[in-house]
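First the structure, in the form of structure tokens, and then the observations on it.
The values are calculated or read from the model by the stated rules, or taken from the named source; none is laboratory data. For clarity, every value in this text was computed on a predicted model and none was experimentally measured. As a convention, Cβ positions derive from the backbone with ideal geometry for all residues, glycine included, and neighbour counts pool all protein chains shown.
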Amino acid sequence: MKALIYHGPGDMSWSEAPKPQVLNPGDAIVRVETTTICGTDLHILKGDVPAVQPGRILGHEGVGTVVEVGPGVHDITVGDRVLISCIKSCGHCSNCRVGLYSHCLGEEGQSGIGWILGHLIDGTQAEYARIPYADNSLHKIPENVSNIEAVMLSDILPTGFEIGVLAGRVNPGDVVAVIGAGPVGLAAVATAGLCGAGTIVAIDRDTNRLDQAQGFGATDTVNSTHVDWQSQVLALTDGEGVDVAIEAVGLPETFTMAVDLARQGGRIANIGVHGASVELALQDLWIRNIGITMGLVNTNTTPMLLKLVAQHKIPVAKFATHFFTLDRMIHAYDTFARASETKALKVIIN
Ligand code: NAD
Ligand code: ZN
């Protein structure tokens, strides 16, 4: 089969690779029909994730058809059209039982990064992919949900919802600021309303991204390159600060923006993956009763989100901006990597 193979920083190819086989009883083999590219794939390509070794097939988002299942797979059958969760989880270990799928203690792989496809196990940017623990890691797609809609639930939608909205404990009427209007931040924008957010302000320095944010439910947008960006946000809260600040960039300065925006008793929900450390003024955070959360997506809300997508309650199709065939994967990467010029949000490869 053909697959996108990582050869080391800055080096990848769409080339021949062995077709995956069932290795464990819980595995399924999926023929990948739709996949997409995540900012994390670009981090890997830059060499920011050294745990990913040359030879790895990249990609952790995908939709396809099951072509083979191991003897331990009971809920998924050959022929099912399925959404592949970016996190593989057994569903039975002590971590999975409390919903911490990203730290599954299942015998295959390691917790955390080991459980994201395309990291320590091969991924979805290929003609076929092996999915461990298929019963828990694959989701049958309702007929009225397209592949393009479903692929947004592999990673970005559950990430924005779980690590942004749920972890930030968005309550009815809350003012929510989402810093970073990339696909993940926009997924938080698109799902903040599910918990009743009253005001959803998207903050970015890219005007195109801010325009796109309105289509996902942002009630206000603020360009952070403006000198008075902070007072523009605070003006939406009678000067008190936002109830929840969701960080969806992954830079020290954007984390600091979240600290500056949160009201007394407010919450900061950090989604961004930070390569650099951030200095925290603990005395200030303590006296302001600020709560801070962070972590890796678990994808345990995927079945619920899939139902809402089937009911047309979340406009996921809007994430798809550019389309490529599988053999043009390298072009798709180029378009995605130059998002500020190409205005790409999610590039669809199918
Ligand atoms: P992205 O790069 O497409 O989007 C980031 C956005 O932030 C862009 O629109 C950019 O213009 C904006 N931005 C950059 N610097 C800014 C600044 N100084 N002020 C305001 N806006 C700024 O990334 P994405 O794919 O949307 O992912 C966002 C983050 O979420 C990344 O760090 C990614 O690694 C992380 N992520 C985390 C998880 C998790 O499990 N926690 C899962 C997926 C992605
Ligand atoms: Zn588990």
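Looking only at the stretch 139-190, which residues are within 9 Å of ligand 1 (Cβ to nearest atom) and of a type in the set (Asp, Glu)?
Asp155, Glu162
Within the stretch 156-244, which helices (runs of 4 or more DSSP H) (wholly inside it) include 2 or more residues that are surrounded by fewer than 24 Cβ atoms within 10 Å (Cβ to Cβ)?
207-215, 229-234
Need pairs with beta-carbon distance below 7 Å; first residue in the same structural domain as Ser15 (by TED's automatic domain parsing) and within the stretch 330-350, second assigned to a loop (DSSP other than H, G, I, E, B) and small (Gly, Ala, Ser); sequence gap 6+ or separate chains.
Cβ pairs passing all conditions: Thr335/Ala344; Phe336/Ala344.
Would you be able to tell me the number of residues in the stretch 178-209 that are among the small types (Gly, Ala, Ser) and either outside the structural domain of Val242 (by TED's automatic domain parsing) or over 14 Å from Ser224 (Cβ atoms) (or both)?
Counting residues in the stretch 178-209 that are among the small types (Gly, Ala, Ser) and either outside the structural domain of Val242 (by TED's automatic domain parsing) or over 14 Å from Ser224 (Cβ atoms) (or both) gives 8.
Within the stretch 245-275, track down each residue that is touching a helix residue (DSSP H, G or I) at 6+ places or on another chain (Cβ under 8 Å), buried (at least 22 other Cβ atoms within 10 Å of the Cβ) and part of a strand (DSSP E or B).
Ala245, Ile246, Glu247, Ile268, Ala269, Asn270
From Ser146, Ser137, Ser154, which residue is within 16 Å of ligand 2 (Cβ to nearest atom) and within 20 Å of the chain's Cα centre (by Cα)?
Answer to the check: Ser137.
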